[in-house]
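Read through the structure below, which is laid out as structure tokens, and then see the notes.
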Amino acid sequence: MNENFINVWVLNSQLERSPYTKTAIALRRKYNFKPFDKTRPLAQAIMKGWKKHSPADSLVISLDLELMGRLPVNERHSPYNGAKGYRLFLQESLDGKLPGLREDIPIHWDTLLETAVESGAMVDDGLKVTLTDEHSEQEVLSVFRTSETDAQNYTIVEVDATAFTDGGVLVIDVWVGEAEVSGSFDLFAADTTELVSGNALASVKDIPTNQREVVEYSFEQGQVFKLGAIGNSSEDGKINGFLAKISVEPVQGKVPPADLGQSAEDVMNTFVEAFKNLDAETMDSVLTKGARETFEINFAEDAPEHMRAQISQMLSSMEVLSSEYVGDEFHFVLKVPIAQPPEASVKMRKVEGIWRIYDIIPSDSD
């Protein structure tokens with residue numbers, strides 16, 4: 001790498017990528033913090049290479065400051081996983097293959113996936129993972145299909161978590177592939193005979209192409225589960241791939257959830273008050289795992305106490321502008337006076353009977 005590359009890194013906060021870090025940057029400037037000049041060609045190349053919703057990207061940039069390759073951190077799976085995969089990414093960049101930058105080229109993914117299944121390269125039957133203390137995380141790469149009849153047509157992954165005798169939190173991080181069909185994922189108990197969405201322990205619905213969601217389920221003692229993957233019923237006869245990272249978090253590692261008896265409005269108010277007071281632990285407790293990974297709530301954690309006090313004072317005028325139930329979800333619009341944009345749409349749904357915030361979107365997001 002040292003022969004072919006100059007290895008550098010830059011924090012997202014230094015280029016003010018997240019709207020929720022801009023106030024912290026403004027305060028740091030008062031103490032001689034100097035962010036990058038975003039008008040510079042190198043900064044422009046980095047910003048051009050960002051991928052939407054990606055928390056971090058590996059970029060290859062030429063001496064002429066042209067993008068040669070992009071590898072989002074959440075997409076480091078086959079063929080780019082591990083050290084050999086990263087070396088392949090770098091080599092393909094040098095060879096002019098533009099890895100990660102050719103996503104606008106149309107590909108017949110349905111045909112490719114069917115061919116992969118027929119050849120045995122990918123399977124959609126007999127899938128099983130066994131989780132233990134030593135191997136508490138595994139990945140499954142497979143396909144799902146839309147239902148061509150009224151009957152469900154799930155791809156089933158058996159998840160054996162019997163080794164966790166004291167229970168835990170089953171976390172299934174799902175990425176849907178690039179074919180033109182969305183996917184839904186339902187988690188069932190092993191003894192469930194009628195596999196329909198209404199009998200699921202937990203679900204995520206209609207994950208769009210090339211998007212990610214997280215299924216979480218708390219269990220009291222070790223047991224076996226069935227994860228069912230299926231395509232949108234309005235898109236018959238199609239196929240798509242998915243990657244599921246399946247893991248168990250031990251009981252002692254769980255984030256304390258909101259009180260089961262709390263209403264959606266109670267959780268909303270808890271979140272707002274915690275935000276005003278920069279109480280990251282309480283904010284964590286009302287977010288889903290996926291939201292905790294994408295929403296930056298610790299922007300003032302390392303700041304001096306007087307800076308935290310200033311930020312908290314500015315946040316004191318934060319308020320809820322509107323709220324409503326939307327189906328089985330609860331949505332509210334939050335005015336954040338120090339953020340740019342100053343409004344955010346917050347979405348909540350029940351996870352195992354507990355209201356949790358799963359998405360926070362600045363008002364002018366595209």
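Give the residue, chosen from 228, 222, that is modelled with pLDDT of 75 or more, of a type outside the set (A, V, I, L, M), over 17 Å from the mean Cα position of the chain (by Cα) and crowded, with 18+ Cβ neighbours inside 10 Å. Let's see the steps before the verdict.
Numbers: 222 fails: crowded, with 18+ Cβ neighbours inside 10 Å.
The conditions single out 228.
Which of the residues that make up segment 321-355 are assigned to a loop (DSSP other than H, G, I, E, B), surrounded by 15 or more Cβ atoms within 10 Å (Cβ to Cβ) and among the small types (Gly, Ala, Ser)?
Listed by number, the list holds a single entry, 339.
Given the structure, is residue 51 in contact with a strand residue (DSSP E or B) (Cβ under 8 Å, 6 or more places away or on another chain) and either in a strand (DSSP E or B) or at pLDDT 70 or above (or both)?
Values: in contact with a strand residue (DSSP E or B) (Cβ under 8 Å, 6 or more places away or on another chain): yes; either in a strand (DSSP E or B) or at pLDDT 70 or above (or both): yes.
Judged against the criteria, residue 51 is a match.
Kindly indicate the residue of segment 8-42 that is more than 29 Å from residue 359 (Cβ to Cβ) and not in a loop (DSSP other than H, G, I, E, B) and also modelled with the lowest pLDDT among those meeting that condition.
29
Scan (1) touching a strand residue (DSSP E or B) at 6+ places or on another chain (Cβ under 6 Å); (2) surrounded by fewer than 17 Cβ atoms within 10 Å (Cβ to Cβ) for the single condition residue 157 breaks and write down its number.
(2)
For residues in segment 236-262 being modelled with pLDDT of 50 or more and among the small types (Gly, Ala, Ser), which is nearest to residue 210 (Cα to Cα)? Don't jump to the end; show me each part of the working.
Keep residues of segment 236-262 that are modelled with pLDDT of 50 or more, which gives 236-251, 261-262.
Cutting the leftovers down to among the small types (Gly, Ala, Ser) gives us 237, 241, 244, 247, 261.
Working: 237: 19, 241: 10, 244: 13, 247: 21, 261: 36 Å.
If we take residues in segment 236-262 being modelled with pLDDT of 50 or more and among the small types (Gly, Ala, Ser), then 241 is nearest to residue 210 (Cα to Cα).
Could you tell me how many of the residues in segment 56-81 are farther than 20 Å from residue 177 by Cβ and either in contact (Cβ under 8 Å) with a residue 12 or more places away in the chain or not in a loop (DSSP other than H, G, I, E, B) (or both)? It would help to see each step written out before you state the result.
Here is the first cut: in segment 56-81, the ones farther than 20 Å from residue 177 by Cβ are 56, 58-69.
From what's left, either in contact (Cβ under 8 Å) with a residue 12 or more places away in the chain or not in a loop (DSSP other than H, G, I, E, B) (or both): 56, 58-61, 65-69.
So the count comes out to 10.
Of the residues 127, 131, which is in contact with a Ser or Thr (Cβ under 8 Å, 6 or more places away or on another chain), free of Cβ contacts under 8 Å to residues at least 60 places away in the same chain and assigned by TED's automatic domain parsing to the domain that holds residue 227? I'd like the intermediate steps shown before the answer.
Details: 131 fails: free of Cβ contacts under 8 Å to residues at least 60 places away in the same chain.
Being in contact with a Ser or Thr (Cβ under 8 Å, 6 or more places away or on another chain), free of Cβ contacts under 8 Å to residues at least 60 places away in the same chain and assigned by TED's automatic domain parsing to the domain that holds residue 227 holds for just one of 127, 131, which is 127.
Could you check how many residues of segment 160-183 are surrounded by 22 or more Cβ atoms within 10 Å (Cβ to Cβ), outside any loop (DSSP other than H, G, I, E, B) and in contact with a helix residue (DSSP H, G or I) (Cβ under 7 Å, 6 or more places away or on another chain)?
1
Among 142, 136, which is under 21 Å from residue 232 (Cα atoms), surrounded by 11 or more Cβ atoms within 10 Å (Cβ to Cβ) and not aliphatic (A, V, I, L, M)? Don't jump to the end; show me each part of the working.
Values: 136 fails: under 21 Å from residue 232 (Cα atoms).
The conditions single out 142.
Show the residue pairs that are 6+ apart or on different chains and have beta-carbon atoms under 6 Å apart, the first residue being within segment 195-209 and over 17 Å from residue 175 (Cβ atoms), the second being among the charged types (D, E, K, R).
As it stands, the answer is 197/186; 200/186, since those pairs meet every condition given.
Return only the number of the condition from (1) among the small types (Gly, Ala, Ser); (2) at pLDDT below 75; (3) not in a helix (DSSP H, G or I) that residue 100 does not satisfy.
Tallying (1) among the small types (Gly, Ala, Ser); (2) at pLDDT below 75; (3) not in a helix (DSSP H, G or I), residue 100 fails exactly one: (2).
The values are calculated or read from the model by the stated rules, or taken from the named source; none is laboratory data. Computed from a prediction, not measured in an experiment: that's the story for all the values here. All Cβ positions, even for glycine, are placed from backbone atoms using ideal geometry, and neighbour counts span all protein chains on display.
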